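Each remark here refers to the structure printed beneath this line.
The values are calculated or read from the model by the stated rules, or taken from the named source; none is laboratory data. A quick note: this is a predicted structure, and the numbers were derived from the prediction, not measured. Here the Cβ positions follow ideal geometry from the backbone for every residue, glycine too, while neighbour counts run over all protein chains shown. Areas reflect the complete protein model, heavy atoms only, side chains present, ligands, DNA and RNA absent. Shrake-Rupley method; radii C 1.70, N 1.55, O 1.52, S 1.80 Å.
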2 protein chains.
Amino acid sequence: MDHREPSSLHARIRDAILRLDLAPGQRLSERGLEPEFGASRTPIRAALMRLESEGLVRRDARGWAVAPIDLDEIRAISEFRETIESAAVRLAGIRASREDLEALLDLASSADSVETPENSLVTGTSFHLELARLSGNEYLRTAMEGVMTRLYRTRWLEVQSVESRERVHAEHEALVAALLVGDVTGAERAATSHLRGTESRLVESLQGSRLRLRANGIPVEGGRA
Amino acid sequence: MDHREPSSLHARIRDAILRLDLAPGQRLSERGLEPEFGASRTPIRAALMRLESEGLVRRDARGWAVAPIDLDEIRAISEFRETIESAAVRLAGIRASREDLEALLDLASSADSVETPENSLVTGTSFHLELARLSGNEYLRTAMEGVMTRLYRTRWLEVQSVESRERVHAEHEALVAALLVGDVTGAERAATSHLRGTESRLVESLQGSRLRLRANGIPVEGGRA
DNA sequence: GATACCATATTGGTATACCACACCGCAGCC
DNA sequence: GGCTGCGGTGTGGTATACCAATATGGTATC
C-alpha cells in the first residue's frame, strides 16, 4: 500500500475478498491475518464475524474460510433478487420523486461505466442500490445490499466483455426511462428480464470458466450442468 | 430460570430481549452484562455484535442499547415482509411436496397454539419460517427469519386476546388449505390479506399501548398518528 | 513396509489488562 | 452567584496471555 488506509479493517478485508485478492475457499486464520492487515486478533475477529454475517466468510469446525463461489447459491440469490428488485421497482415507481429518478438516470447513463470492468461493476452496484433506496423501504435496501455483496465476485465475469457492459448500460437506462414516464409495470418487466438475462449469462460464464478458475486455485462448488 | 442453560450466550441474551426482560431502548454495557450472564467481555461482545446484525441491539457513540420499538420501522418491516411472504408462498406452491404441506397444516392446526400468548407466538413464528423454508430458497428463509425476529417483540401485543389468536390460527389453516388444493394465487391472496390485517391490528394495538408501554418505561418511537 | 502412537504446532475461544475518550460533577476562581 | 476548569468514572477499543481441542508429522515398533 502506498497511501494511508482510511478504511476500517472490515472494509479492507471485504475489499480484498471482493477483488479476489483473497481467493474463494481460501482458509483464513486470525493470527495469519494480523501481519497482513496490521491489527491484532480482537479487531480481526470482529471483522470476520461481520463478514460472516454478510456471507463473505464462513466458519466451520476447522476455522475460517473465504466463502466459496457456489453455482446453486448464485441461482438461489438471483431468484431472491428478482423478488427484491421487482418490489423495489414497484415502490420506487410510486414513491420516487422526479428529481430522484433523474439522478438515477444520470447514474445509469454515466458513460464511463462501460469503459472498464471495474467501472461497470461499481456503477451497476450503485445503480441497483440507489434504486432500492428509492423504494423508501430500508429493509428492501438492506436486502439489496446483501444481494449485491454476495453476487459481486461472480459479476467480475459478467463485465469482462464490452458487449455485456453496453447491454447492462442500455437495460438500466430503459428501466429508469419507463419509471420516468410512469410505466411501472413496464419498469418491472424491464427489471425482471434484465435480471433473468444477466443471471443466465452469469451462470453460463461461470460454468464456462470453472476449469479456468479451478486452474487458478479458485474452487467452484455445485452446479447441476 | 429453573433449569440449566444449554443455550449459547447469544441465544440467552436474544431470549432476554425477545421476552422483554431487557426493555426496548435500555442501554447495555459489556461489563454490566458480565455478571448477569456469567461470561467475560469477549464472548459478550461477540454476542452483541451478532445481535446487532439481527437488529435486536444497536451501537451508537454512547455504547450499546436494546433496539427500541419504532412504529415506522414496524410499518417498513411489514411492507418488506409482504414481499418476502408472497414470494415464499408462490414458490412453496410450486416446490413443496404434499407431505411437506401436510406437515405444515399440522403445525397450523395445532390446537394449543391458541391457548396461551406464548404458544401462539412461537407456533406462528414456526409456521411462517417453515413456509419460507418450503419455498426452497435459503435466502427467502433467512429474510423471513430476520423479519420474524424483528417483529417478535411487538407481536406480544397481537397475541394477547384469544380472538386474535383464533383468527391467526384460522387464517394460517386457510392458507395451507389453498396450497394443498393447488390454488397458489388463492394462497398468495390469503397470505397478503392475513399480513395486512395483522399489521393494521398490530399498529393499532401499538398506538393504543404507547402510553402504557411508556408508563412501564418502554420507549416507543415514531408513528405518524 | 505399514501402522500405531506420541510430541508438537496451529486453531479458535476466553479472560483480562491497558488505553483513549467522553461525560459529569464538584470545586475554585472571577 | 455564575462560570470555568479539572479530576473521577464509565464507555467501547485493543493487545495479549492462556486454554482446550485438533490436525499433523515423525518415529518406533511390529
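Annotation for B:Ile94, label-to-label distances across the other copies: 2.4 nm (shortest first, one decimal, point 7 Å from Cα along Cα→Cβ). Which residue, A:Ala76, A:Ala143, A:Ala108, has the most motion in a Gaussian network model of chain A that connects Cα atoms within less than 10 Å? It is A:Ala76.
Accessible area of A:Asp70 (1.4 Å probe, protein heavy atoms only, ligands and nucleic acids ignored): about 30 Å².
Return the value, in Å² to the nearest 100, of accessible area buried between chains A and B (probe 1.4 Å, both sides summed). That pair hides around 1600 Å² of surface in total.
If a/c stays under 1.5 just call it rounded; otherwise compare a/b with b/c (prolate if a/b is bigger, oblate if not). Do that for the range B:9-68, with a ≥ b ≥ c from the square roots of the Cα gyration tensor eigenvalues.
Values: a/c = 1.37, a/b = 1.15, b/c = 1.19.
Rounded, because the longest to shortest axis ratio a/c is under 1.5.
So, in Å, what gap is there between the alpha-carbon centers of the range B:83-127 and the range A:68-98? The range B:83-127 and the range A:68-98 have Cα centres spaced 25 Å from each other. Given springs between every Cα pair under 10 Å in a Gaussian network model of chain A, which of A:Arg155, A:Arg75, A:Arg31 has the largest fluctuation? With Cα springs under 10 Å in chain A, the top fluctuation among A:Arg155, A:Arg75, A:Arg31 is at A:Arg31. In this assembly of identical copies, the label point of B:Ser7 (Cα plus 7 Å along Cα-to-Cβ) is separated from its counterparts by 3.7 nm, sorted shortest first.
To the nearest ten degrees, helix B:71-95 and the longest principal axis of the Cα atoms of chain B are 40 degrees apart.
When B:Thr142, A:Thr42, A:Thr123 are compared by accessible surface with a 1.4 Å probe, the order from highest to lowest is A:Thr42, B:Thr142, A:Thr123.
Accessible area per residue was computed with a 1.4 Å probe on protein heavy atoms; A:Asp112 scores about 70 Å². Seen against the Cα atoms of chain B and their longest principal axis, helix B:162-180 is set at about 50 degrees. In a simple Cβ point-charge model (Lys, Arg +1; Asp, Glu -1; nothing else charged), the range B:9-68 has a dipole of about 120 debye relative to its Cα centre.
Tell me whether the protein assembly as shown comes out rounded, prolate or oblate; compute the Cα gyration tensor, take square roots of the eigenvalues as a ≥ b ≥ c, and use a/c under 1.5 as the rounded threshold. Oblate. Report the charge-dipole magnitude of the range B:70-214 in Debye, nearest 20, computed about the Cα centre from +1 at each Lys and Arg Cβ and -1 at each Asp and Glu Cβ. I would put it at about 460 debye.
Annotation: amide H-H contacts under 5 Å for B:Trp64 (H modelled 1.01 Å from N, sequence separation of 5 or more, or interchain): B:Leu28.
Note on chain B: dipole from Cβ charges, positive end direction compared against B:Ala191, B:Leu104, B:Leu28; the farthest Cα belongs to B:Leu28.
Accessible surface for A:His172 stands near 10 Å², nearest 10, in the context of the full protein assembly shown (1.4 Å probe). For the peptide B:37-50, the mean number of other protein chain Cβ atoms found within 10 angstrom of a residue's Cβ is 1. Label-point spacing at A:Ser193 relative to the other copies reads 3.4 nm, in ascending order, each point sitting 7 Å out from Cα along Cα→Cβ.
Can you pull the semi-axes for the range B:126-180, root of five times each eigenvalue of the Cα gyration tensor, sorted largest first, whole Å?
Details: eigenvalues 92, 61, 5 Å².
Sorted largest first and rounded, they come to 21, 17, 5 Å.
Mean separation of Cα pairs under 8 Å and 6 or more residues apart, divided by the residue count, gives the range A:70-213 a relative contact order of 34 percent.
Taking a ≥ b ≥ c as the square roots of the eigenvalues of the alpha-carbon gyration tensor, the range B:80-119 is classed oblate because a/c is 1.5 or more while a/b is no larger than b/c. Helix A:41-53 and the long axis of chain A differ in direction by around 40°, with both axes built from C-alpha atoms.
Looking at the protein assembly as shown alone, DSSP beta bridges between its own residues are antiparallel in about 75 percent of cases.
Relative to its Kirkwood radius, the Cα radius of gyration of chain A gives an Rg/Rh of 0.99. Largest GNM mean-square fluctuation among B:Ser40, B:Ser86, B:Ser193, using chain B with Cα springs under 10 Å: B:Ser40. Basic side chains Lys and Arg get +1 at the Cβ, acidic Asp and Glu get -1 at the Cβ, and with that the dipole of the range B:1-139 about its Cα centre reaches some 680 debye.
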